[in-house]
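The values are calculated or read from the model by the stated rules, or taken from the named source; none is laboratory data. Note that the coordinates shown come from a computational prediction; the quantities given were computed from them, not determined experimentally. Every residue, glycine as well, gets a Cβ built from its backbone with ideal geometry; the counts of neighbours run over all protein chains shown.
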Amino acid sequence: MSEKITPTREKILANIRIQRFTPDKDRTPYFDNFKVEVETGMTVLEALRYIKNNQDSSLTFRSFCRSAICGSCAVRVNADPLLACSTQLLPIIKDFGKSSVTITPMANLPILRDLVVDIDPVIEKLAKMHPYLMKNKARIPETLAQESLMSQQELNQFGQLTDCILCAACFSICSAVKVDKTYAGPLSFAKAYRFSVDPRDSFRGMRIQASMDQGLWSCVQCRKCIKVCPKDIRPADSIRDMRRIAIDDGIHDTPGSRRAKAYTDDVEKFGQVNKPMLPVIVNGTQGWTAIEAAEVGLKKHGLEPTREVCKLPGQSGAATIYKKVREIEKQEKNV
Amino acid sequence: MLTYDVLIVGSGGAGLYAALKSRIEEDLQVAVLTKVYPTRSHTSAAQGGVNAALANKDSTDTWEQHWFDTVKGSDYLADQDAAELMCREAPEVIREMEQWGCPFDRTSEGKIAQRPFGGASKPRACYAADKIGHVMLHTLYEQGLRHGVNYFNEWVTLSLLHNGQRCLGVNALDTRTGKLHTIHAKAVILATGGYGRVYWNRTSNAYGNTGDGAALAYRAGLPLKDMEFVQFHPTGLRRTGILMSEGARGEGAYLLNALGERFMSRYAPEKMELGPRDLISRAIETEVREGRGGPDGEVFLDLTHLSRERILQRLPQIRQLCIDFEGIDPIEEPIPIKPTAHYSMGGIHTDMNGVSPIEGIYAAGEAGCVSVHGANRLGGNSLLDILVFGRRAGNHALEYARTHDFQPMIINPLEIAEKRIQNLMVGESQETTAGIRRDMGNLMSEKAGIYRVGNDLKEAVAQLAVLKERYKRLKVQDKSKIFNTELVAALELENLLDLAEIISQGALERTESRGAHYREDFPERDDKNWLKHTMATKGTDGRPEITFEPVTISRFQPEKRTY
């Protein structure tokens, strides 16, 4: 009754274009082309290894576990940062329509050689976030005779974030890292947030401070980190939530938190943001310079500037929504 | 010269636990030397769980039952005093991990959740979804950062230095610069993991699981124990060896040969696909040998008769693994699989504190062999081994380093390491690392793998001598000093070749079948002659010398192992 199994396995001769750079040999990076027969099941990493084993043993890249859990092999394929080991090559080759694919090292990090980047900057930034549990004595027993108790719901507050494998794909794609070398990067904030909401921890305040020191408010919420994360972590959400707990903890004296607070307060009060006065609220007295400059500009064009918010019909609706939200929040807290 | 009180080689669970324990009071200088970044280590790949008789799920569980399960699982080759100690200490180390922030899943009372596991009489595997190894490794790394453990990332250890009585340190290569360094240390803990890569493409192990620590110790004159015992998992993906968990067969998957036959009816007509791992591995091997395998020597794990909904609901991760790593959707077509080398029971001979015969040199985890796993490791005991014995080695090394001085370093310690690198780097040759490595993997899979027989093993020993001769002619083609991964692979290959020889020699001498070691010509366990550990030391002719040591039996007399 049995039927013979004949697996269908496709093969396409593809051109793999790889960025090369060996610092004791080359002055600048360049591209090499390799012809590889790409078949069903072949991952990007397998193709790289095939080239190294059969065509050019000096091709340099990192790889270790081959099962998407160690985070070593992140590279960019047609500019997208991804794990080479868990990315099928054939669909990319076919998708591209040219039987060709380009592999480059991760962005935002110094290149050590070929596809290998220096990830120490990422680790150094992470290390500044106090990325470890500091015992909360109210929750953790003094001896090892007992375990501490924590509900699955409490764990679920941060459980997903512990999936992070430090591959730095998010760091490579991050818009804020690109413009600000001191910015911690998505994964560091995700880690800081993970510990800050662990009920067994007692170091949240220090982590909020470390986050602010490393640009917590610089994230522009482009959310590309969410898109590229191979573990489906949502660092941009963690950054947003970290900002929220910072404000909840009474830290209102940073430009970002003042802006966020001004937005929420204004909308409640006026049904809209009080844009004319925003620079002063966010940046203090320095903001007046901006406002005055803007007013001069408007007058030049014959426009009369105002520092008042204009009245909108139905603006009290916003206040009603706020009231409702506060009630729900209160109920949730009590549960 | 770089100087540390305690130096750990390897950054998996055992290494990081040892580092943390020796650094915890922050009075000693401690460094971890690793050929990757610490969180890349293979501990992260462990999915299922870590055993400890916490009795959170079943209040009748005790460490004594865990002890018995471990000894029985080992086919009575485990030292019972060592297994006892591991099972006794298990709850404490799990609580220590928990208190350091390890995110174990929880029971409805908020305790650490536990699940049943093969070979365990009670549900005692503590877990975190399917990523327990990953979260344990990260927890240890995080606490290491906190306490000021130093890390030498992407450094390769070349030799272990001692003066015959005491530890001196190591020689190592910084792969980023290509520079060689001697690190002077009072204590060195080898925690470099297993040697599944001896079977090269036929393993679930990471590329770097090349038994570096065991090979370093062997070349430094230390004995290796029970190296012939390598556990195979029956269902690894065809291309990569990545594991398809037993969950698939639990849900009703069939094992089919290329003719589409449910071949397990020939080998285990009652249990069919749910028979024990070693039996299924051998059945698959037989099918392939007799010509009923697929084009790449694979058989098939078939889910296609299950409904789409059932696969999506019950086996979503298995499906995703097939899509990502094999490029096929198991809803549409059968999954090609092969048995795959999974775990190395053997390793560097140590006592229960991880101490080797040379004072100050330690080994822990899969690199070491106390022995707690004997001839076959129980699921969930590998992570426990690294925690308990990593911790014990760290504690012992801490006391040792506090109470002992540095030994004077030998003159020109780098000389041998420099020569070794130069031999590989200078000149041209037809031999390549990839070529020798591939031949070694095929040889070991065919002659010293799942099925073993005297003549094949003799052939393996003879062929390995040929491969070692080829290795002597090997030259690295990449001449750059910077991040030379071809050089690293060549160094790893030398380690693998030494270990392959020891595995084959040990398997040849052991004329019985026990646990993972199956001799077709001696299919029965032979307690009268073989209830003993195999010890391999490097002989004066460069070949392994095999001797034997008794097994410690304290409570459980050997019985037939049936489940």
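Provide a single number: the residues in region B:463-490 that are within 29 Å of residue B:368 (Cβ to Cβ) and in contact with a strand residue (DSSP E or B) (Cβ under 6 Å, 6 or more places away or on another chain).
So the answer is 1.
Could you list, in sequence order, all residues of region B:233-268 that are touching a Pro at 6+ places or on another chain (Cβ under 9 Å), among the hydroxyl-bearing types (Ser, Thr, Tyr) and either more than 23 Å from residue B:203 (Cα to Cα) or surrounded by 23 or more Cβ atoms within 10 Å (Cβ to Cβ) (or both)?
B:235 - this is the single residue of region B:233-268 that is touching a Pro at 6+ places or on another chain (Cβ under 9 Å), among the hydroxyl-bearing types (Ser, Thr, Tyr) and either more than 23 Å from residue B:203 (Cα to Cα) or surrounded by 23 or more Cβ atoms within 10 Å (Cβ to Cβ) (or both).
What number of residues in region B:30-58 are in contact with a helix residue (DSSP H, G or I) (Cβ under 8 Å, 6 or more places away or on another chain) and within 15 Å of residue B:113 (Cα to Cα)?
8
When region A:107-155 is examined, which residues are found to be small (Gly, Ala, Ser) and facing chain B (nearest Cβ under 10 Å)?
Taking region A:107-155 as the starting set, the residues that turn out to be small (Gly, Ala, Ser) are A:107, A:127, A:138, A:145, A:148, A:151.
A:127, A:145, A:148, A:151 - these are the residues of region A:107-155 that are small (Gly, Ala, Ser) and facing chain B (nearest Cβ under 10 Å).
So for region B:248-268 (the condition being within 14 Å of chain A (Cβ to nearest Cβ), in contact with a Phe, Trp or Tyr (Cβ under 7 Å, 6 or more places away or on another chain) and part of a loop (DSSP other than H, G, I, E, B)), does at least one residue qualify?
Yes, there is a match, as at least one residue in region B:248-268 is within 14 Å of chain A (Cβ to nearest Cβ), in contact with a Phe, Trp or Tyr (Cβ under 7 Å, 6 or more places away or on another chain) and part of a loop (DSSP other than H, G, I, E, B).
Can residue A:220 be described as at pLDDT below 95 and either more than 11 Å from chain B (Cβ to nearest Cβ) or not in a helix (DSSP H, G or I) (or both)? Give the steps one after another, and end with the answer.
Values: at pLDDT below 95: yes; either more than 11 Å from chain B (Cβ to nearest Cβ) or not in a helix (DSSP H, G or I) (or both): yes.
So residue A:220 passes the test.
Answer yes if at least one residue in region B:412-423 is over 26 Å from the mean Cα position of the chain (by Cα), assigned to a loop (DSSP other than H, G, I, E, B) and hydrophobic (A, V, I, L, M, F, W, C), and no otherwise.
Yes: region B:412-423 contains one or more residues that are over 26 Å from the mean Cα position of the chain (by Cα), assigned to a loop (DSSP other than H, G, I, E, B) and hydrophobic (A, V, I, L, M, F, W, C).
Could you look through region A:33-53, keep only residues that are under 33 Å from the mean Cα position of the chain (by Cα) and among the polar types (S, T, N, Q), and pick out the one that is farthest from the other protein chains (Cβ to nearest Cβ)?
A:33
Across region B:381-417, which residue is surrounded by the fewest Cβ atoms within 10 Å (Cβ to Cβ) among those that are of a type outside the set (A, V, I, L, M, F, W, C) and within 27 Å of residue B:65 (Cβ to Cβ)? Quick ask: steps written out before the conclusion?
At the first step, the residues of region B:381-417 found to be of a type outside the set (A, V, I, L, M, F, W, C) are B:381-382, B:385, B:390-392, B:394-396, B:399-400, B:402-405, B:407-408, B:412-413, B:415.
Now narrow it down to the ones that are within 27 Å of residue B:65 (Cβ to Cβ): B:381-382, B:385, B:390-392, B:395.
Working: B:381: 29, B:382: 27, B:385: 26, B:390: 32, B:391: 23, B:392: 27, B:395: 17.
By that ranking, first place goes to B:395.
Can you pull out every residue in region B:269-283 that is in contact with a helix residue (DSSP H, G or I) (Cβ under 9 Å, 6 or more places away or on another chain), crowded, with 16+ Cβ neighbours inside 10 Å and in a helix (DSSP H, G or I)? Give the derivation first.
Initially, region B:269-283 is screened for residues in contact with a helix residue (DSSP H, G or I) (Cβ under 9 Å, 6 or more places away or on another chain), giving B:271-275, B:279-280, B:282-283.
Still in the list and also crowded, with 16+ Cβ neighbours inside 10 Å: B:272-273, B:275, B:280, B:282-283.
Hits for region B:269-283 are B:272, B:273, B:280, B:282, B:283.
This table checks each residue for (1) surrounded by fewer than 22 Cβ atoms within 10 Å (Cβ to Cβ); (2) within 13 Å of chain A (Cβ to nearest Cβ).
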residue: B:8; (1), (2): no, no
residue: B:11; (1), (2): no, yes
residue: B:15; (1), (2): no, no
residue: B:29; (1), (2): yes, no
residue: B:55; (1), (2): yes, yes
residue: B:80; (1), (2): yes, no
residue: B:105; (1), (2): yes, yes
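Would you mention how many residues in region B:442-497 are within 23 Å of residue B:511 (Cα to Cα), of a type in the set (Gly, Ala, Ser) and assigned to a helix (DSSP H, G or I)?
Qualifying residue count, region B:442-497: 5.
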